[in-house]
Every structure is written in structure tokens, then in C-alpha cells.
1. Considering each residue of region A:56-66, count those that are more than 8 Å from DNA strand D (Cβ to nearest atom) and open to solvent by less than 60 Å² (accessible area, probe 1.4 Å), and give that number.
2. Take region A:57-98 and flag every residue that is within 13 Å of DNA strand C (Cβ to nearest atom) and more than 13 Å from A:Arg20 (Cβ to Cβ).
3. Being open to solvent by less than 50 Å² (accessible area, probe 1.4 Å) and either touching a Cys at 6+ places or on another chain (Cβ under 9 Å) or within 9 Å of chain A (Cβ to nearest Cβ) (or both) is the filter here, so list the residues in region B:172-186 that pass it.
4. Quick check on A:Glu131: is it at the interface with another protein chain (Cβ under 7 Å from one of its Cβ atoms) and of a type in the set (Asp, Glu)?
5. Criterion first (modelled with pLDDT under 95 and more than 7 Å from chain B (Cβ to nearest Cβ)) does A:Leu136 satisfy it?
6. Before we move on, is A:Ala74 open to solvent by 50 Å² or more (accessible area, probe 1.4 Å), within 17 Å of A:Asn137 (Cα to Cα), assigned by TED's automatic domain parsing to the domain that holds A:Gln151 and in a helix (DSSP H, G or I)?
7. Pick from region A:10-35 the residues that are touching a residue at least 60 places away in the same chain (Cβ under 8 Å) and of a type in the set (A, V, I, L, M): which of them is nearest to DNA strand C (Cβ to nearest atom)?
8. Only one of (1) at pLDDT below 90; (2) over 17 Å from the mean Cα position of the chain (by Cα) fails for B:Pro154. Which number is that?
Number of protein chains: 2
Amino acid sequence: MTPPTPPTAPRTRLTPDQRRSQLLDLGVRLLATRSLDELSIDLLAEEAGISRGLLYHYFGNKHAFHEAVVRRAADDLIAQTTPPTEGEPMVRLLTSITAYVDYVIANHEGYVSLVKAAAGGNESLRAIYEEARDALNSRAFREDANGQILQDTPTTRLVVRGWSAMTEELVLSWIDDPSGVTREQLIEIVTASLPAIVGVIPGE
Amino acid sequence: MTPPTPPTAPRTRLTPDQRRSQLLDLGVRLLATRSLDELSIDLLAEEAGISRGLLYHYFGNKHAFHEAVVRRAADDLIAQTTPPTEGEPMVRLLTSITAYVDYVIANHEGYVSLVKAAAGGNESLRAIYEEARDALNSRAFREDANGQILQDTPTTRLVVRGWSAMTEELVLSWIDDPSGVTREQLIEIVTASLPAIVGVIPGE
DNA sequence: CCACTCTATTGACACTTTTTCAATAACGCC
DNA sequence: GGCGTTATTGAAAAAGTGTCAATAGAGTGG
């Protein structure tokens with residue numbers, strides 16, 4: 001029941017960089033509509049119009065390919081939510097959170113796949129995700145001419161990790177079912193809860 | 001390069017309940033150190049010292065086996081953290097959180113398995129996890145003779161979901177690296193942050 | 001203590017997906 | 001227009017999943 005392959009598809013030859021990019025982009029795109037382990041080499045090769053062998057040539061094995069796709073998605077997230085480097089700290093934080101929320105809204109499917117892939121995956125996948133999240137988190141600590149929002153202590157770091165897990169859960173749950181909460185309220189809740197939680201750290 | 005299998009391993013015959021238990025326990029243990037799709041039937045059968053066929057006999061297919069493993073971990077969590085039904089609401093919450101934290105400390109492996117599988121898995125796996133988490137969360141809402149802690153509105157539910165994701169992240173991160181925070185402080189942070197976050201919900 | 005029966009357990013086989021690799025054929029260069 | 005480099009392919013091996021008739025523990029009755 002092989003679909004009648006056009007006699008012999010004319011093979012197109014790209015530069016390694018072009019090909020790699022094409023495959024990663026396609027991977028990210030496909031990931032939005034299925035889970036990581038449903039993203040088979042077979043499927044990808046067919047969608048890309050290439051042989052399976054080529055994928056192995058570029059990425060070595062399925063797992064490495066998945067890793068590259070997740071890294072691509074994570075980089076995309078970071079790139080599209082870069083915060084301003086100037087302004088009042090709280091304003092910068094608000095801007096950063098707004099960018100994050102809007103990114104998740106716009107790339108809902110893809111973001112869910114990223115999170116799922118990372119959470120359910122092995123060490124290396126989780127590491128990529130951790131790295132991305134640290135990049136987001138550290139924005140709350142970043143120091144600049146206007147001073148920084150939070151002290152950088154181990155406990156604060158821990159609490160910020162927690163806050164960021166909460167943020168992720170809130171945004172994703174909200175998208176599933178806003179139940180009366182507006183985007184603005186959501187952003188307000190997320191933003192205001194950071195100082196609220198940090199304020200709860202026991203003095204030493 | 002097959003390791004020299006002892007001529008023919010003497011087959012041991014257990015009761016179905018014993019065997020099922022053995023396999024589920026092993027499954028939970030193995031899942032703690034690898035991802036769901038690295039938990040192959042092959043690996044499990046080898047670790048258990050049985051044939052692959054036996055796994056299929058008991059669980060039907062790989063997916064059903066995964067589901068059974070996750071359900072096992074979830075049931076264990078619920079059973080071991082039943083909260084008190086009496087007392088001041090805040091005291092009950094504290095007791096409940098303490099039980100949760102101690103459970104995660106004591107059953108780190110099993111809990112990690114549960115979280116990983118749920119986050120990375122499909123609908124049915126996530127449902128099992130959600131069910132367990134709802135059972136924990138609803139304790140914060142449970143009404144009794146002493147009144148309840150929180151109003152039960154959609155927004156509050158949303159925020160509690162977030163809080164609970166934060167709690168999970170905090171406890172797991174803390175176990176990985178306590179960096180100076182004591183168990184008591186951790187519990188205090190987690191407990192105090194629930195009212196702190198709820199207090200941040202915008203009035204309407 | 002020895003069949004005998006019941007059923008837990010196995011092993012070999014069919015099928016799907018991943019991985020390997022020698023052979024092939026685009027494209028740039030002379 | 002021929003030539004060399006190397007991107008790309010296709011076929012076949014390997015690994016994983018699922019099926020099922022055949023095998024052999026372990027308790028039971030004689």
C-alpha cells in the first residue's frame with residue numbers, strides 16, 4: 001500500500017547548513033501537532049521528501065535528532081522573549097513576563113510539546129530545557145544600571161525556580177480554560193506573585 | 001556478545017499477584033532513572049529475569065504496562081499522605097504538606113517516575129497524575145466543621161494549580177540540592193506561599 | 001511418593017521501526 | 001563538457017514490539 005511515488009523524485013542537493021536547517025524547522029513544526037515519540041524518522045523523512053538515511057547522516061540517530069529539535073525550539077523561545085536591557089527593574093520584569101505569556105499563547109502547541117519532551121525525556125533533553133528556563137529566570141536577577149530586583153542567594157534561586165514552574169503551569173492551564181480570567185489579570189497574578197513568594201522566605 | 005546465560009535459567013513460578021507486584025515495583029524503580037520510552041519491554045524483562053512474553057501476558061502491551069506502573073506510583077502517593085480530617089484549617093494544610101514533603105523525600109524514585117511519566121506521557125497517563133494531584137489539592141479546599149481555607153472559585157482553583165506545580169518543583173529541586181535550606185524552612189516556604197499567592201489575585 | 005492437572009511461563013516467529021553503509025548522482029570547478 | 005567532491009539514496013541488518021502454541025513448576029488426590 002505504498003502511495004504511488006512519483007516515478008523517481010528528482011533528488012535535490014543542498015548545502016549541509018541549509019539541509020540541517022530545513023530538517024530542524026520541519027521537526028519543530030511537526031512537533032507542534034504530535035508528541036516527541038510520535039515524531040518518527042519515517043514521518044520526518046517523508047514530510048521532508050528525503051530518504052531516512054539522510055537524517056542519520058546529519059544527526060546520527062533518532063535521539064540526537066530529537067535533542068536538536070528541542071534545542072531549536074528552546075532557542076526560539078529565548079530569542080523571541082528577550083527582555084529590554086533598560087528601564088525600571090519591575091517594568092523590565094513585567095515586559096519579560098508579558099513576552100513569555102504572549103509567546104506561549106502564540107505557540108501553544110509547540111510550547112506544550114517542548115515542555116512535554118523535556119519533562120518526560122532523559123537527562124540530556126531535560127538539561128536543554130533547564131538551560132532555557134535558567135535563561136528566563138536569570139532575567140529576574142539581572143543587574144544593570146537600575147539595580148536588580150532580587151538578591152541572588154541559593155534560597156532565592158530555589159524559590160524563583162518554583163515560581164517559574166508555577167508560571168508555566170498557570171499560563172498553560174489558563175490557555176486550556178481561562179474561566180473568566182483575562183490575559184491582563186493572568187499577567188498581573190504571575191508578576192505580583194514573584195515578590196509575594198520571595199517575601200515568604202524565612203529570615204535567617 | 002551475549003553474556004553466558006546460565007545453561008537454562010531455572011524458571012520460577014509465582015502467583016499472578018506476586019508476579020504483577022514484582023514487575024510493577026521494578027517498573028517504578030527503573031523509570032526513576034530513565035525516560036518512559038527508554039523503559040522497554042526488553043529491558044524490563046531482562047532486569048526481572050523473565051521472558052518478554054510474560055510481560056505481555058500480564059499487561060497486554062507496552063502502553064498498558066506503563067499505565068499500570070504510573071497508577072501504582074500514584075496510588076502509593078495518595079495512600080501514604082492521607083491528611084487529617086479534623087483540626088484548624090491551617091494546621092491541616094501544614095500537616096498535609098508535611099506528609100507530602102516527607103513522602104517525596106522517602107520515595108524520591110517513585111515520585112520522580114510519576115512526575116516524569118505524567119509530564120511526558122499521553123492523555124491517559126496525565127489523567128492518572130492529575131487525579132492524584134487533585135486529590136492532594138482538594139485538601140486545601142475541603143470543607144469540614146472547622147470551615148475551609150480557601151474560597152472555591154475558578155480563579156482560586158487556577159492559582160492553586162500553579163501553587164501545586166511550584167510545590168512540586170521546590171521539593172524536587174530541594175532534594176537535588178538543599179543548598180542550606182532545612183526541611184522545616186522548605187515546608188514553611190511552601191505553606192506560607194499558598195496564602196501569599198492567593199492574596200495576589202486581583203479583586204473584581 | 002508418584003502421577004496428574006492446572007496454568008504460569010517460555011521461545012520461536014511475524015511485523016514494525018531504527019540504523020548502517022556501499023553505491024549513486026548532483027553541483028561546482030577547471 | 002568532463003571530473004572530483006560529497007550530498008543523497010536504497011537495500012539490508014539490527015533492535016523493538018506483539019502473538020501464540022508448546023513447556024514445565026507446584027500443589028493435589030490417590
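1. Going through region A:56-66, the residues more than 8 Å from DNA strand D (Cβ to nearest atom) turn out to be A:59-66.
Within this subset, residues satisfying the condition of being open to solvent by less than 60 Å² (accessible area, probe 1.4 Å) are A:59-60, A:64-66.
Result for region A:56-66: 5.
2. Passing the criteria: A:Asn61, A:Lys62, A:His63, A:His66, A:Glu67.
3. B:Ser173, B:Trp174, B:Ser179, B:Val181, B:Leu186
4. Working: at the interface with another protein chain (Cβ under 7 Å from one of its Cβ atoms): no; of a type in the set (Asp, Glu): yes.
Answer is no for this residue.
5. Yes; evaluated as a whole, the condition is true for this residue.
6. Criteria not met by A:Ala74.
7. The selected residue is A:Leu31.
8. (1)
The values are calculated or read from the model by the stated rules, or taken from the named source; none is laboratory data. For clarity, every value in this text was computed on a predicted model and none was experimentally measured. So basically every Cβ, Gly included, is an ideal-geometry build from the backbone, and we count neighbours across all protein chains shown. The accessibility values were calculated without ligands, DNA or RNA, using every heavy atom of the protein model including side chains. Shrake-Rupley method; radii C 1.70, N 1.55, O 1.52, S 1.80 Å.
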